[in-house]
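Novice: Structure provided below as structure tokens; questions to follow.
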Amino acid sequence: MRKQLFLFAMLPILWSCAEEVSKDINTDLTQEAEQFYSFSEAISEGAFLANITYAEYARMTPAQLSGCPSITHSLDSRIVTLDYSSSGDCAQENANERTGKIILDFTQSGEASAAWSLSYEDYSYNGNKIEGKREFRGLSVAENQEKFEQLRFEMANQATFMVNGEFSYTVSRSNLKLSALSARGKASGTNPAGRDFSLVTSEAKNQLFPCYGQGWNLPVSGKESWIVSRGGSSDLEYQVTFNNTDTCNPNVTALLPDGRSLQLNP
């Protein structure tokens, strides 16, 4: 009888342990990597758009931006609206589906402590929705910083990231034209499984503006780590590398936590 009572008492503990192990075993590392990849790509696009100045937008045509959005300048404020719902014909090498609007508010960008913001209005990128506001400030002609809180990224299957982040950017120009963007920083929050995560740039990600004008959004070089908490002191890390090619379409590979290599793009 004592042995039976002991076994009954141990059942909740044994069940709990089995459940924790099951969570780890059932985690699809490939699927998790692809979710982070989609999130990282969407964040990169906003970085391109927010590092273009108000004056540069005044001279820009829709065909120079990925997705060819209409560009509207407010008559009574320094607000630029990019409307992807009325983009019309857009002949670019790489076509990504976009809907909704991105709004850039440069109202305070002309002041001594230059600041501006990027916000999303019913915006989606390849079926993935982005909601929230990203705040920027200028440090010099070529250096900017970004901070955002509670940015929401919802994938087409309703899997959702909630994230805070801080990034720094260096903008390169050639003959007064935008040429490249270098980004470093960190984002953290919860992933679609409800686990804490962080995205850390371990080697600056470099993006090319001429490529963006042809629909390409990904960095052509750089490295970042996607670190996911599994509870306690247990973390899993995905090491991601962006490698340049002869085209604007880079090779993106992820070293999975179990040692396998996964080609994410192309």
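Novice: A187 - would you say it is over 26 Å from Q64 (Cβ atoms) and at pLDDT below 95?
Specialist: Taking the combined requirement at face value, the residue does not satisfy it.
Novice: Now for a different question. Looking only at the stretch 178-191, decide whether some residue is within 21 Å of Q145 (Cα to Cα), surrounded by 17 or more Cβ atoms within 10 Å (Cβ to Cβ), basic (K, R) and touching a residue at least 12 places away in the same chain (Cβ under 8 Å).
Specialist: yes
Novice: Can you pull out every residue in the stretch 148-163 that is touching a Lys or Arg at 6+ places or on another chain (Cβ under 8 Å) and either more than 23 Å from F242 (Cα to Cα) or hydroxyl-bearing (S, T, Y) (or both)?
Specialist: Once the filter is applied, which keeps residues that are touching a Lys or Arg at 6+ places or on another chain (Cβ under 8 Å) and either more than 23 Å from F242 (Cα to Cα) or hydroxyl-bearing (S, T, Y) (or both), the stretch 148-163 yields F148, L151, R152, E154, T160, M162.
Novice: Another question about this same structure. Report the residue count in the stretch 152-161 for those that are farther than 9 Å from P192 by Cβ and touching a residue at least 40 places away in the same chain (Cβ under 8 Å).
Specialist: 1
Novice: If I filter the stretch 165-172 for residues that are modelled with pLDDT under 95 and not basic (K, R), do I get at least one hit?
Specialist: No, the stretch 165-172 has no match at all.
Novice: Taking the condition of being open to solvent by 80 Å² or more (accessible area, probe 1.4 Å) and either closer than 17 Å to I52 by Cβ or in contact with a Cys (Cβ under 7 Å, 6 or more places away or on another chain) (or both), how many residues in the stretch 141-173 meet it?
Specialist: Looking only at that region, the number is 3.
Novice: Among the residues of the stretch 151-171, is there at least one that is over 26 Å from E97 (Cα atoms), over 15 Å from the mean Cα position of the chain (by Cα) and of a type outside the set (D, E, K, R)?
Specialist: Yes, the conditions are met somewhere in the stretch 151-171.
Novice: Follow-up question, since we're still on this one. Restricting to the stretch 203-228, give me the number of residues that are modelled with pLDDT of 95 or more and surrounded by fewer than 20 Cβ atoms within 10 Å (Cβ to Cβ).
Specialist: 7
Novice: To continue, here is another question. Could you list, in sequence order, the residues of the stretch 250-266 that are touching a Phe, Trp or Tyr at 6+ places or on another chain (Cβ under 9 Å), farther than 18 Å from E203 by Cα and either modelled with pLDDT under 95 or open to solvent by 60 Å² or more (accessible area, probe 1.4 Å) (or both)?
Specialist: N265
Novice: Select from the stretch 237-266 the residues that are in contact (Cβ under 8 Å) with a residue 60 or more places away in the chain and part of a strand (DSSP E or B) and list them in ascending order.
Specialist: Y238, V240, V252, A254, L262, L264, N265
Novice: Exactly one condition in (1) farther than 26 Å from Q35 by Cα; (2) open to solvent by 30 Å² or more (accessible area, probe 1.4 Å); (3) of a type outside the set (V, I, T) is false for F106; which is it?
Specialist: Only one criterion is unmet by F106, namely (2).
The values are calculated or read from the model by the stated rules, or taken from the named source; none is laboratory data. This one's a predicted model, so the numbers in the text were calculated from it and none came from an experiment. Here Cβ is always computed from backbone atoms with ideal geometry, including for glycine, and neighbour counts include all displayed protein chains. Surface areas here come from the heavy atoms of the whole protein model, side chains and all, with no ligands, DNA or RNA. Shrake-Rupley method; radii C 1.70, N 1.55, O 1.52, S 1.80 Å.
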